[in-house]
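The values are calculated or read from the model by the stated rules, or taken from the named source; none is laboratory data. In this text the structure is predicted, and so the values were computed from the model without any measurement. Counting neighbours? That spans all protein chains shown, and the Cβs are built from the backbone with ideal geometry, glycine included. With ligands, DNA and RNA removed, areas are computed over all heavy atoms of the protein, side chains included. Shrake-Rupley method; radii C 1.70, N 1.55, O 1.52, S 1.80 Å.
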Amino acid sequence: MKNNNPLSSVDALNCDNHYARLPAHFYNKQVPNGISDPKMVSLNPQVLALLGLDDAVVGSDALLQLCSGNYLPSGFEPLAMKYTGHQFGHYNPDLGDGRGLLLAQVKGSDSRGNSSKSPTWDLHLKGAGKTPYSRQGDGRAVLRSSIREYLCSAAMQGLGIPTTQALSIVVGSDAVMREQVEQAAMVVRVAESHVRFGHFEHFYYTQRLDDLKLMLDYTLTQHFPDALTAEVPYLAFYKQVVSTTAELMAHWQAVGFVHGVMNTDNMSILGQTFDYGPFAFQDNFDPAYVCNHTDYSGRYAFNQQPQVGYWNLMALGRSLTPFMDVEPLNATLQTYDDIFLAKLRQLMRAKLGLQQVQDGDGELIKNLLEILASSSVDYTYFFRSLSVFESTLDSSFERTETVMNSAIRDQFIDRDAFDTWALQYQQRLTLESSVDDERKVAMDAVNPKYILRNYLAQQAIEQATAYDYSLVNQLREVLASPFAEHPEFEKLAALPPEWGRNMVLSCSS
Ligand code: AMP
Ligand code: MG
């Protein structure tokens, strides 16, 4: 799409609002309540390109007003979706888009700029004002949470982990009350779908089976066309969701990501990371890390995520029981563990630079995670540094192993534990005749140097609160290619300061 008139470029977005074609009681149609004096904090050019928009649109007033809820191009049909879900294990019938609106569904191009196979992209404006599902909330989002969602979407995309994306952050002059007065902000979230597990739970728990069937048929038609032609389409759909969710959990565990609020209303039907709240990446590795300070029981601790994924899929499966026997659903759910473990092993082998599958790999990985935890080693830094592991003793220098790998070894309080593991690793590398230089290249391509550490997000937020958006923009750029070296941004790979380690975050956003 080449258009020199910026306003008409946004207006040229080609809408196909298929969700709005569902019956009126599936949602509430309403226009956004825009924010005042909007300013563009950051715009993601890669997401702009997904929508088929030309660079000419960057800096246009129409785009700014669109991203701040003040302008609706023709063809947009904003609506708040109704859904429910299980929050912390308890069913809540009162959920729905309480502060976000699906603005439109637009034809774009795929990630390679190919428009012939173009999906429709949901444009969801987060912070768009009250809806019938706002309960006690004000329908607003603040700058802090908007920056976190925007940056983490870019980071996940850069890491190759399925995620929703974010086009923009806009800040306004309106004051929003949280624990303190904060600046109102909005994010335009972009995803192939905003359908959550909770959409199906809503119709199941209200026993509106015709609507449940409509919702399923809609979802299959739009997002699971292969399932439509399967022998039992809803089962084929469930199989796909079980599989993509299991693989997503493996990705999170392998990269050290804690979602923080894995309620079923925050679970994407597409197996993407969805609804960024009090998420965190592991700094010093702690398997029991709980990043959400309202999660008193640790339900969503890092090491609980795989089984919560299973539990959430069980909740989704229950919603399908009006249409099929329980047995095939259960049998499908029972495949979860194997899919998860296979994916996790594959990812962890890659992180260790292992090309072959060998007996004992599970043990090697388990032992490593144990010593990372007991020595409180920085998870990301460790794996990045492990690529320089020297696997063969260099006899000409008569160096001992401990000297050879000292940069890695020194990260451990318990050096003996590292030495024991390093010997196992060295033997394992020898088993597949691993070549150090080659392994380094492969490992650096899967072990990120740059992740969205909480202290970095916090610094970006503090500067942005004082109207300096440079760090937000630097982080977005660097996190888009986290495996590459960015010498000019070396400081963004630094370990957290004491105050910034394994932070616990507020859900109030
Ligand atoms: P979350 O924990 O962010 O997934 O939100 C859970 C539910 O609360 C969803 O239905 C949200 O739409 C709603 N919600 C969260 N924050 C607000 C807010 N500031 N105003 C209105 N509704 C909100
Ligand atoms: Mg949510």
Would you be able to say whether some residue in the stretch 269-278 is open to solvent by less than 40 Å² (accessible area, probe 1.4 Å), acidic (Asp, Glu) and out of contact with any strand residue (DSSP E or B) (no Cβ under 7 Å at 6 or more places or on another chain)?
yes
Go through (1) assigned to a loop (DSSP other than H, G, I, E, B); (2) touching a Lys or Arg at 6+ places or on another chain (Cβ under 9 Å); (3) open to solvent by less than 50 Å² (accessible area, probe 1.4 Å); (4) more than 20 Å from SER153 (Cβ to Cβ) for ASN33 and report which single condition fails.
(3)
Within the stretch 205-240, the residues that are closer than 17 Å to PRO328 by Cβ and within 27 Å of the chain's Cα centre (by Cα) are LEU216, LEU220, PHE224, ALA227, TYR234, LEU235, ALA236, PHE237, TYR238, LYS239, GLN240
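If I ask for residues that are in a strand (DSSP E or B) and surrounded by fewer than 24 Cβ atoms within 10 Å (Cβ to Cβ), which ones from the stretch 127-141 would you list? Before you say what the answer is, go through the steps one by one.
First pass over the stretch 127-141, keeping only residues in a strand (DSSP E or B): 141.
Within the stretch 127-141, none qualify.
Could you tell me how many of the residues in the stretch 85-103 are in a loop (DSSP other than H, G, I, E, B) and within 9 Å of ligand 1 (Cβ to nearest atom)?
5
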Residues being open to solvent by 30 Å² or more (accessible area, probe 1.4 Å) and in a helix (DSSP H, G or I) - total across the stretch 429-438
5
Can you find even one residue in the stretch 195-211 that is in contact with a Cys (Cβ under 9 Å, 6 or more places away or on another chain), β-branched (Val, Ile, Thr), within 16 Å of ligand 2 (Cβ to nearest atom) and modelled with pLDDT of 95 or more?
no
Could you identify the single residue in VAL255, VAL261, VAL241 that is β-branched (Val, Ile, Thr) and within 13 Å of ligand 1 (Cβ to nearest atom)?
VAL261
Being surrounded by fewer than 16 Cβ atoms within 10 Å (Cβ to Cβ), touching a helix residue (DSSP H, G or I) at 6+ places or on another chain (Cβ under 8 Å), at pLDDT below 95 and not in a helix (DSSP H, G or I) is the filter here; which residues of the stretch 473-509 pass it?
PRO497
Residue pairs qualifying under the 6 Å Cβ cut-off, at least six apart or on distinct chains, with the first in the stretch 87-106 being more than 15 Å from ligand 2 (Cβ to nearest atom) and the second being among the acidic types (Asp, Glu), are GLN105/ASP16; GLN105/ASP122
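Take GLN157 and tell me if it is open to solvent by 20 Å² or more (accessible area, probe 1.4 Å), under 14 Å from the mean Cα position of the chain (by Cα) and more than 16 Å from ligand 2 (Cβ to nearest atom).
On the way: open to solvent by 20 Å² or more (accessible area, probe 1.4 Å): yes; under 14 Å from the mean Cα position of the chain (by Cα): yes; more than 16 Å from ligand 2 (Cβ to nearest atom): yes.
In short, yes.
Whether any residue in the stretch 457-475 is aromatic (Phe, Trp, Tyr) and closer than 28 Å to GLY360 by Cα is what I want to check. Steps first, please.
Within the stretch 457-475, the subset aromatic (Phe, Trp, Tyr) is 467, 469.
Still in the running and closer than 28 Å to GLY360 by Cα: none.
No, every residue in the stretch 457-475 fails to be aromatic (Phe, Trp, Tyr) and closer than 28 Å to GLY360 by Cα.
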Matching residues in the stretch 477-509 - criterion: being over 18 Å from VAL258 (Cα atoms) and among the small types (Gly, Ala, Ser)
ALA480, SER481, ALA484, ALA493, ALA494
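Is it the case, given these coordinates, that PHE418 is without any contact (Cβ under 8 Å) to a residue 60 or more places away in the chain and either over 30 Å from PRO496 (Cα atoms) or in a loop (DSSP other than H, G, I, E, B) (or both)? Walk me through how you get there before you give the answer.
Values: without any contact (Cβ under 8 Å) to a residue 60 or more places away in the chain: yes; either over 30 Å from PRO496 (Cα atoms) or in a loop (DSSP other than H, G, I, E, B) (or both): no.
So PHE418 fails the test.
Within the stretch 439-461, does at least one residue satisfy the condition of being of a type in the set (D, E, K, R) and exposed (fewer than 15 other Cβ atoms within 10 Å of the Cβ)? Write out each step before concluding.
In the first step, residues of the stretch 439-461 are kept if they are of a type in the set (D, E, K, R); the result is 439-440, 444, 449, 453.
Checking the rest, the ones that are also exposed (fewer than 15 other Cβ atoms within 10 Å of the Cβ) come to none.
No, every residue in the stretch 439-461 fails to be of a type in the set (D, E, K, R) and exposed (fewer than 15 other Cβ atoms within 10 Å of the Cβ).
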Restricted to the stretch 333-358, and to residues that are closer than 15 Å to GLN307 by Cα and polar (S, T, N, Q), which residue is most open to solvent (accessible area, probe 1.4 Å)?
GLN334
